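What follows is a single structure, written as structure tokens, with notes after it.
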Amino acid sequence: MTSMVVEYDTEADATYVQLPSYDESAVERTVEVMDSSVTVDVERSGAPIGVEFLCAPAEVDEAMLAALAGRYPALDFLSLRMALSGHSLKTA
């Protein structure tokens, strides 16, 4: 299984997490989960393949994660938290 990859765009102040199943060509639509501060790219089946937070990785808070968990409970939140805490971090 591929690990999650976190990309932080300093200019946009946005964090994008590529989930292990990420394939840019498979993005069917983007779903707003919490206002516009958390969005999820999903494939045709509705499975999440990428998550965007409109903040720096260290600023992702429990409310954002709770909203995400409420909508996509099958996500691996332990791996997501580890990725956001600096593991596999790439700055764009």
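What follows is calculated from the coordinates using simple rules that are stated; it is not laboratory data. Bear in mind the structure is a predicted one, so any value in this text is a computation, not a measurement. Positions of Cβ are generated from backbone atoms using ideal geometry, with glycine treated the same way; all protein chains shown enter the neighbour counts.
Just flag the GluC sites (Glu not before Pro) in the chain sitting in loop per DSSP whose Cβ has no more than 13 other Cβ atoms within 10 Å.
Details: sites: 7, 11, 24, 28, 32, 43, 52, 59, 62; in loops: 11, 28, 43.
Those satisfying the criteria are 11, 28.
The calculated 222 nm mean residue ellipticity attributable to helices in the chain amounts to -5500 deg cm²/dmol, summing -39500 (n - 2.57) over DSSP H runs of n ≥ 4 and dividing by all residues. Any idea what diffusion coefficient the chain gets from Stokes-Einstein, in µm²/s, Kirkwood Rh on alpha carbon pairs, 25 °C, 0.890 mPa s? My calculation gives 189 µm²/s for D.
For segment 1-77, trypsin sites (Lys or Arg not before Pro) meeting the loop criterion (DSSP other than H, G, I, E, B) and having at most 12 other Cβ atoms within 10 Å: 44.
Placing dummy labels 7 Å off each Cα toward the beta-carbon, the span from residue 85 to residue 55 is 1.7 nm. Which net charge results when you count Lys and Arg as +1 and Asp and Glu as -1 among the other residues whose beta-carbon is under 12 Å from that of residue 49? Result for the neighbourhood of residue 49: -4. According to a simple spin-label model (label point 7 Å from Cα along Cα-to-Cβ), what is the distance in nm between residue 76 and residue 36? Placing both labels 7 Å along Cα→Cβ, they lie 3.2 nm apart.
What residues from segment 24-48 fall in the zone where the backbone N is under 19 Å from a label point 7 Å along the Cα-to-C-beta line of residue 12? In segment 24-48, the label zone of residue 12 (backbone N under 19 Å from the point 7 Å along Cα→Cβ) covers 24-43, 48.
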